[in-house]
Every structure is written in structure tokens, then in C-alpha cells.
Amino acid sequence: MCIENDWLNTGQLENGLQVWEKEYTESNVPYLKLEYRDHNGNRVGGSEVIPVTQIRLHSAVLESIEIEYGKRIV
């Protein structure tokens, strides 16, 4: 993993795009901002902003389903 200007490179997708994330807080609400970049570091598409609480909720739902059915979803 690499950190550049407060952005963390979290890895690479199957199509070769790199996933970069940055955490920030606005009005006491924590957010995660995602960007996808090509091998030259150029952003591809727009940024995706997700409230951290929404990520935690989705994670909990997936975990419940995995426990219920005894297998990994993702």
C-alpha cells in the first residue's frame, strides 16, 4: 500500500485500475472517498463518497447472510 497526499492506494482491480481511498469528516460524519486511477495515476471516472456508517451496515448485513448460509458471499 502507498500513501500519497493523504490518499491510500488499497490495491488494484482485475481491469488494472488502482483503488485509492481517503477518509474525511464533514459535520461530524465520517466519510470514505474512493477514486479509481489508471497506471499513470490519472483518475478514471468520478469520485465515490460513502458514509462510513453505510459501509459498516452493508458489512454487517453480508456477515449475517454468510452466517445464515454458511458460506462467503464476496
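Looking only at residues of the stretch 45-62 that are surrounded by 12 or more Cβ atoms within 10 Å (Cβ to Cβ) and not in a strand (DSSP E or B), we find that the one that is modelled with the highest pLDDT is Val52. Can you find a residue in the stretch 20-37 that is open to solvent by less than 40 Å² (accessible area, probe 1.4 Å) and part of a loop (DSSP other than H, G, I, E, B)? No, the conditions are met nowhere in the stretch 20-37.
Among the criteria (1) open to solvent by less than 80 Å² (accessible area, probe 1.4 Å); (2) among the β-branched types (Val, Ile, Thr); (3) out of contact with any strand residue (DSSP E or B) (no Cβ under 6 Å at 6 or more places or on another chain); (4) not in a helix (DSSP H, G or I), the one Ile65 does not fulfil is (4).
The values are calculated or read from the model by the stated rules, or taken from the named source; none is laboratory data. The model shown is predicted, which means the values in this text are computed figures rather than measured ones. Note that each Cβ is placed from the backbone with ideal geometry, even for glycine, and that neighbours are counted across all protein chains shown. For accessibility, only protein heavy atoms count, side chains too; no ligands or nucleic acids. Shrake-Rupley method; radii C 1.70, N 1.55, O 1.52, S 1.80 Å.
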